[in-house]
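Just below is one structure, and these are the notes that go with it.
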Amino acid sequence: MATVKTKSKKFHFKAEVKQLLDILVHSLYTSRDIFLRELISNSSDALDKLRFESNKGTKIIDNKLPLEIKITFDEKKKILIIEDSGIGMTKDEIISDIGTIAKSGSAEFLKQLTETKQDASNIIGKFGVGFYSIFMVAKEVIIKTKSYKKDEPAIMWKSDGLGDYEISELDEKIKRGTTIEIHLKDDAEEFAEKYRLESVIKKYSNFIQFPILLEKEKVNTVSAIWREPKSSVTKEQYAEFYKYLSLDSEEPFETIHTSVDAPIQFSALLFIPKKSNEWFKYNREDYGLDLYVKRVLIQHKNKDLLPEYLSFIVGVVDSEDLPLNISRETLQEDIIFNKISSSVTSQVLSYLQKIAKDDKGQYVKFWKEHGQIFKLGYMDFTNAEKYTGLLRFNSSSSKDADELVSLDEYVERMKKDQKEIYYALGPSRDALAFDPHLEIFKSKGIEVLYLYDPIDEFVISALGKYKDFDLKSVENADPNKLEQMESVEEKKEETKKLNSDDQLHFDSLLAKMKEILGDRVEDVKESNRLTGSPSCLVAKEEGMSASMLKMMKMVNQQVSEQKKIFEVNKDHKLLRNLLTVFKKSSADDYIKNVTEQLYESALLLEGSLDDPHKLVNRLNKMLEESSGWYVEVKKY
C-alpha cells in the first residue's frame, strides 16, 4: 500500500545549518561505522523511555508489541532500515529533535566554533546532533514515527541532508515506534551487507539490553553481566565472558565485579589473567579496558581507566553519568572520567590487598606472573600506601629464591636498634651470597632485601622511605651503625692484631695503594664491614649505587662520575702478606699488581668493569708466577 501523506510541509535548511551538516558529515567522525551505533543507541533510548512510562502506569498504544530493534536491508536497492518499537515521536517532537540541528540552535553552535576556533569535536556534544551522522552514508533518509500517545498522528520526516527537509502527517496505519529508511550512497553500499552490519553491531552494541534482530536473527547474544547483581552471576558465566572478552583459552585468575552508585554511577567487571601477556614488551599499546555508556561501547581498550602498572587487567567499565561529545569518541568532562578512573584503580588495589591478606599463596602466584608490570606503579603517589604494601621481594631471610616477603614483614623482623631497611641488587640469590657488602649484615643477622630486576632499584629509590624507615642500599650503609648491633655469628678465630709499628706500616700501605689508584677512587681505607673478602668499593652515603649508575648510563643519561671509597680488610691473609712485602720493599711491583687486581675485581663484582682484558692478563701472569713457586715448594 502506498504511503498517503497529508498536510505536508517543506522546510529549508538555513545556510549555517548546511555548513554545520558539512562539518558533521565530513570532519567530525573518524569512522563511518559510528552512524549505526548512534541510531541503535537512539532506538535503545526510545525503548527505555517507553518501559519507564509503562512502569509509571501511563496508558500506551500497541502495548503488546515486543520491545526490540529490527534491522533489515536490500542489497540491490542499497537500502538499510532500522526499526524500533519504542516511545516514538509526535510532530512537535520530531520538529524539535530531528527537524532542527539542535534545541540550542545551530547558529549559536557555529558562533562558538568560530569564536573559540576549537575543533568541532570539543564542543559539539553540547548540541546533541548524533542522528545527523547518518548523512555520512545516506543520500536520502525517510523517518516514519508513531508516538505512544493515543491521539497523536503518524509522522514522516524526509531529507537528503543538503538543502531541504519535509515533514508530513501520514494517513496510513503504522504501529508505535520509529522506522528509519536509509538510501545509501554508492560508496556506502557495504552497509547493506549482513556481515558488515553484524560486525559493527557486535563491536559497538553487543550489550544493548533489548534484542537487536538483523534479518530476524538476534545479533546481540552476549549478556551484559556486569550490570547484574554479583549474587546472580555464576563462576561459569564469568569465565565464559572473560574468554569472550580476552580470547584467552583459560579461565581468569581472579574476578573483580563491582558497582558504584555515588558520587558517580558505574559498573565494572575486571579480570586478572592467569598468565601475563608475553607480548607486552613487544606491543605495549595492546592493553586497556572497554568503556561503555549504558551498554554502548564508546572506546575499545581505553588506556586511561587504569594506570599502566595495572595494564594486565582486562574488562569493562560501564557508566551512567559520563558525558560525551557527539561522536562518543572523546570524553567531554575529564573530571567525571577521572573520578571513575580513580575509583576503579582504588578498587583493584583493595582487591589485591584482600588476596594478599587472606591467601598468601594465591598472591605469590599473582606476583610471579604480573609483579614485573605492577612494579611500574612506583610513581603513583595517590595510591602509594596501597601500592607499597603490595610489593614483594626475596630476602636474605627467605629459605630460597621463591619465598617472598613484604615490607611489613621485614619491619616486623627488624633489629631492636635498626633504623633503616637495607637492600642489595644482584643478578641472582647465588650471586648476592658472594657480595662482600653483605658480610657485615650476615654477621649481625640483619635482613637484606634482594633485588634481582633493574626496575626494583627505581622502585626503592622512588619510595625513599617506608613508614619511619629509610630504604638504604648495602653499598651506602654506615658500618658504624651496624657495628653497634649484636653479632649472631660465632666469632671466628681472630687474626693476630697488628702491633703499633705494623699498624703504622699498614697506614702507609693504604697511602701507597691510594697513590697507585690515583683519581680513580675517593680514598683507600681500612674496612670494618668486611669479614671474609679482601676488599670492596663503597659509595658515599648520599651517592648512587653502582647498579643505578650503570642503568643511567645505559639509557644515555648524563651523570657525573662518582668516585668511591676502596675499603680493604686488614685481617685478610692477602693483605697481611701484602703488608709483609711492603715492609721489605715499598716499591715492589707485586704491591701495584695486587692493588690493581683487587680494585678491578671489586669493579667486576659490582658490574662496573668496562674492559676486563687487563685484569685477565694480569691474573694469568700472577698465576704463572705462583705456579712456579708452588712447584718449587712442593718439589714436583
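Read-outs throughout are calculated quantities, based only on the coordinates presented, and are distinct from any laboratory measurement. What you see is a predicted model; the values in this text were computed from it and never measured. So basically every Cβ, Gly included, is an ideal-geometry build from the backbone, and we count neighbours across all protein chains shown.
Tabulated data for the structure shown
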{"quantity": "Packing-based ranking, highest mean first, of 415-425, 78-88, 288-298 given that Cβ atoms within 10 Å are counted", "calculated": "78-88, 288-298, 415-425"}
{"quantity": "Peptide ranges 177-183, 89-95 listed from the most packed, as the mean C-beta count within 10 angstrom indicates", "calculated": "177-183, 89-95"}
{"quantity": "Sorted by Cβ density within 10 Å, fewest first, the residues Met414, Met156", "calculated": "Met414, Met156"}
{"quantity": "Label point distance in nm, Glu403-Glu75, each placed 7 Å from Cα along Cα→Cβ", "calculated": "6.9"}
{"quantity": "Proxy reagent accessibility, fewest Cβ within 10 Å first, across Trp629, Trp226", "calculated": "Trp629, Trp226"}
{"quantity": "Set of lysines with alpha-carbon distance to Lys77 below 20 Å, sequence-local pairs under 8 removed", "calculated": "Lys139, Lys144, Lys158, Lys185, Lys194, Lys216"}
{"quantity": "DSSP-loop GluC sites (Glu not before Pro) across the range 445-518, with at most 15 other Cβ within 10 angstrom", "calculated": "Glu486, Glu489, Glu490, Glu493, Glu494"}
{"quantity": "Where labels lie 7 Å past Cα in the beta-carbon direction, separation of His183 and Lys243 in nm", "calculated": "4.8"}
{"quantity": "Sorted by Cβ neighbour density within 10 Å, fewest at the top, the residues Thr495, Thr145", "calculated": "Thr495, Thr145"}
{"quantity": "Peptides ranked, highest mean first, by Cβ atoms within 10 Å: ranges 34-41, 164-171", "calculated": "34-41, 164-171"}
{"quantity": "Under-5 Å amide H pairs with Leu451, H placed in peptide plane, nonlocal only", "calculated": "Ala424, Leu425, Gly426"}
{"quantity": "When each of Lys150/Lys173; Lys514/Lys634; Lys56/Lys235 is checked by Cα-Cα distance, pairs over 24 Å", "calculated": "Lys514/Lys634; Lys56/Lys235"}
{"quantity": "Label point 7 Å beyond Cα of Asp358 along Cβ direction - residues of the range 237-269 with amide nitrogen under 20 Å", "calculated": "237-239, 251-260, 268-269"}
